[in-house]
Amino acid sequence: MQKSVASSSGDWGSNNNADFVITTGDNFYENGVSSTTDKQWDNTWNRVYTKSGIRKTWYATLGNHDHRTHDGDDQVKAHGKRYDNLRWYMPKKYYTFSKKPEGTGVIQFIALDTDDRYSSTQLKWFQQQLQESKARWIIVYGHHGTYSSGPHGGSGTMESKYRPLMEKYKVALYFQGHDHNMEHVYNPSSRIVDYVTSGSAAKLRSQASRELKYLTGKRLYTKYFKTNAFAGVTISGDRATVEFIDGRGKRFYSFTKTNPRIGFSIGK
């Protein structure tokens, strides 16, 4: 199924003039890579994502499976690795970068190493990035979920430590992996941060009733799909659209949201 999703994402990338790709971790199953020349770079990345629309720069983040070998260090060492236009970007285990699409303003992306989510160092760095940001949009992504109704559920640390900061500084979207499904979790009364799980390019898992009950108790809404797919994102001005696209290229879910930083005192 990974190859069909890869093909579909390549088509979507061409049709929507995609600029780059982000990953939500667990980039190489089951145990990451053992070097910068590991065969998996070629076998499960270069030879799978072959269409021009997806052969872009990949701004990657680590998952728990990536940490199993050398603590994920080889994926950082591979920063800049490329096969023609396909390029790996991971200067550190957590980092930030910005884009400035025409007519949209600066979009700041913050990539987290959620295996290290208990670290006070990363948390302080994250708070500083948010506090000092002058970007029009802020989007955060990492592996472990903040809210999820998949079998893994959300991380208590992501919810208690990172979520309040994302809400305070009006982060628009948090993209996560870990659970093998597609899901959109949101608070209908506030709609500051929308939580998007995109972890079903290959494996699939069913929704967990216990985790769904937890979200319901928090008065959170969820749209859950056990479907091999990816998420495509387009941003124009102060509106972002997120689409869930399956391996046949069919859009089976989408939502649009307004930038929560409108009217926010940027840089404060």
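Things to note:
- The combined condition, being more than 18 Å from Ala111 (Cβ to Cβ) and touching a Lys or Arg at 6+ places or on another chain (Cβ under 7 Å), is not fulfilled by Asn46.
- Filter result for Ala208 (over 23 Å from Thr258 (Cα atoms), open to solvent by 10 Å² or more (accessible area, probe 1.4 Å) and at pLDDT below 95): no
- For the stretch 30-40, a residue qualifies if it is of a type in the set (Gly, Ala, Ser) and crowded, with 19+ Cβ neighbours inside 10 Å, and exactly one does: Gly32.
- Leading residue by the ranking (farthest from Ser148 (Cα to Cα)) among those in the stretch 189-205 that are surrounded by 15 or more Cβ atoms within 10 Å (Cβ to Cβ) and of a type in the set (S, T, N, Q): Ser200
- Residues that are in contact with a Leu (Cβ under 6 Å, 6 or more places away or on another chain), open to solvent by 30 Å² or more (accessible area, probe 1.4 Å) and either modelled with pLDDT of 95 or more or of a type in the set (Lys, Arg) (or both) are absent from the stretch 250-259.
- Scanning the stretch 117-158 for residues that are charged (D, E, K, R) and over 16 Å from the mean Cα position of the chain (by Cα), we see that the one that is nearest to Tyr224 (Cα to Cα) is Arg136.
- Pairs with Cβ under 7 Å, 6+ apart, first in the stretch 247-263 and more than 26 Å from Ser190 (Cα to Cα), second in a loop (DSSP other than H, G, I, E, B) and modelled with pLDDT of 95 or more: Gly247/Asn228
- Residues (within 18 Å of the chain's Cα centre (by Cα), within 28 Å of Arg210 (Cα to Cα) and open to solvent by 10 Å² or more (accessible area, probe 1.4 Å)) located in the stretch 159-174: Glu159, Arg163, Leu165, Glu167
- Selected residue (criterion: most open to solvent (accessible area, probe 1.4 Å)) from residues of the stretch 211-222 that are touching a residue at least 40 places away in the same chain (Cβ under 8 Å) and within 23 Å of Ile138 (Cβ to Cβ): Lys218
- Matching residues, the stretch 80-106, being open to solvent by 10 Å² or more (accessible area, probe 1.4 Å) and more than 18 Å from the chain's Cα centre (by Cα): Gly80, Lys81, Arg82, Tyr83, Asp84, Asn85, Lys100, Pro101, Glu102, Gly103, Gly105, Val106
- Members of the stretch 59-97 that are aliphatic (A, V, I, L, M) and part of a loop (DSSP other than H, G, I, E, B): Ala60, Leu62, Ala78, Met90
- Cβ-Cβ distances below 8 Å connect the following pairs, each with a first residue in the stretch 146-168 that is without any contact (Cβ under 8 Å) to a residue 24 or more places away in the chain and acidic (Asp, Glu), a second residue that is part of a loop (DSSP other than H, G, I, E, B) and surrounded by 18 or more Cβ atoms within 10 Å (Cβ to Cβ), and a separation of six or more residues or different chains: Glu159/Thr146; Glu159/Tyr147.
- Against the conditions (1) open to solvent by 90 Å² or more (accessible area, probe 1.4 Å); (2) more than 20 Å from the chain's Cα centre (by Cα), Gly237 satisfies every one except (1).
- Any chance Val140 is open to solvent by 20 Å² or more (accessible area, probe 1.4 Å), closer than 30 Å to Thr37 by Cα, β-branched (Val, Ile, Thr) and outside any loop (DSSP other than H, G, I, E, B): no
- Tallying residues that are under 28 Å from Trp137 (Cα atoms) and open to solvent by 50 Å² or more (accessible area, probe 1.4 Å) within the stretch 41-79 yields 3.
The values are calculated or read from the model by the stated rules, or taken from the named source; none is laboratory data. Since the structure is predicted, the reported quantities are computational estimates derived from the model, not experimental observations. Here the Cβ is made from the backbone with ideal geometry for all residues, glycine too, and neighbour counts use every protein chain on show. Protein only, heavy atoms only, side chains kept; ligands, DNA and RNA dropped before computing areas. Shrake-Rupley method; radii C 1.70, N 1.55, O 1.52, S 1.80 Å.
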